[in-house]
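Handing you this structure, nothing more for now.
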Amino acid sequence: MNRPIGLPWPSAGKPPSPDSELMAQVARGDTDAYSTLYDLLSPRIFGLVRRVLRNPAQSEEVTQEVLIEIWRTAARYDASRGSVSAWALTMAHRRAIDRVRSEQSSSDRDHAVGMRSAEIDFDQVTDAVVNNLEAEQVRRCLGSLTELQRESITLAYYQGYTYTEVATLLEAKVPTVKARMRDGLVRLRDCLGVAGE
C-alpha cells in the first residue's frame, strides 16, 4: 500500500498487514481478493476444524460455512482487534464447537427416542410353558369342585353368563348358584395357593 509522505501508518504506526488489505478489498466485494484470501485461509481453517470434528466430511462442510461467512461479514472485520487469521480461526473454532454440540444433541435425542420405542423382549417359549402349567393347574383344581360349583363357575367365568342366566341353565335358584360359586371360588383359591383377602 502506498501512503502519502508524512502521514503515519494506521494502528499505532504499524503498516497494515497484507491480509487486512485483502479483507478491505473483500469487504468491497472484490472476488479476486476473496479468492486469494480463500487460498490463504482455507487450509488453516480446515486443519483447525478437522482437529475439533475429526470427521472429514463434516470438517469440509464447516470449513465451507466459515469461508462463506467470511465473504458475507468481511465488512465487520476490525483490524484493531486482531489479525485476519485470528478472526477467521476464531469463527471456525466456534462453528466447529457448535457442530459438535449439535451432533451430540441429535445423538441424545435419537437415543432417547430409541429407548422409548424399544420393546422389551420376552421369552415366548417360557411364556407358553408357564401359561400351559397355569391352565393345567386350574383344570386340576376345577376337577376338585362339586359338579354344581364347577358348572356355575365355568358358565359364569368362561362363558360370560350372569348369575340369573346360570341359575336358569342349571335349573337352580339364584341364591343357591351364588353360594355355590362363592364356595367354589374359595376352594379354587385355596387349591391354587392364592392368598385370600
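The values are calculated or read from the model by the stated rules, or taken from the named source; none is laboratory data. Here the structure is a predicted model, which is why all the values come from computation and not from measurement. Cβ atoms come from the backbone with ideal geometry, glycine included; neighbour counts cover every protein chain shown. Note: areas computed on protein heavy atoms with side chains; ligands, DNA, RNA excluded. Shrake-Rupley method; radii C 1.70, N 1.55, O 1.52, S 1.80 Å.
Would you work out which of Ala27, Leu142, Leu185 lies farthest towards the positive end of the dipole of the chain, given +1 charges on the beta-carbon of Lys and Arg and -1 on that of Asp and Glu, about the Cα centre?
Positive-most Cα among the choices belongs to Ala27.
Something else about it: Quick check for me: using +1 on Lys/Arg Cβ and -1 on Asp/Glu Cβ, what's the dipole size of the chain about its Cα centre, in debye to the nearest 20?
780
If I take R0 = 25 Å and measure r between the Cβ atoms of Asp78 and Arg109 in this structure, what FRET efficiency does the formula 1/(1 + (r/R0)^6) give, to the nearest 0.05?
0.05
Please compute the length gained on full extension between Glu61 and Tyr38, using 0.36 nm multiplied by the number of residues separating them and subtracting their Cα-Cα distance.
Numbers: separation 23, 0.36 × 23 = 8.28 nm, distance 1.48 nm.
The span from Glu61 to Tyr38 would gain 6.8 nm if fully extended.
Something else now. Please calculate how many Å² of accessible area the stretch 64-170 carries per residue, with a 1.4 Å probe and no DNA, RNA or ligand atoms counted.
72
Relative contact order for the chain using alpha-carbon pairs under 8 Å, separation at least 6, rounded to a whole percent?
Details: 128 pairs, mean separation 30.1, N = 197.
Result for the chain is 15 percent.
Could you list, bin by bin from short to long, the percent of Cα-Cα pairs of the stretch 46-174 in 5 Å steps?
Calculated P(r), rounded to whole percents: 2, 8, 10, 9, 7, 6, 5, 4, 4, 4, 4, 4, 4, 4, 5, 6, 5, 4, 3, 2, 0, 0.
While we're on this one: How much of the accessible area of the chain, probe 1.4 Å, is carbon plus sulfur, in whole percent?
52
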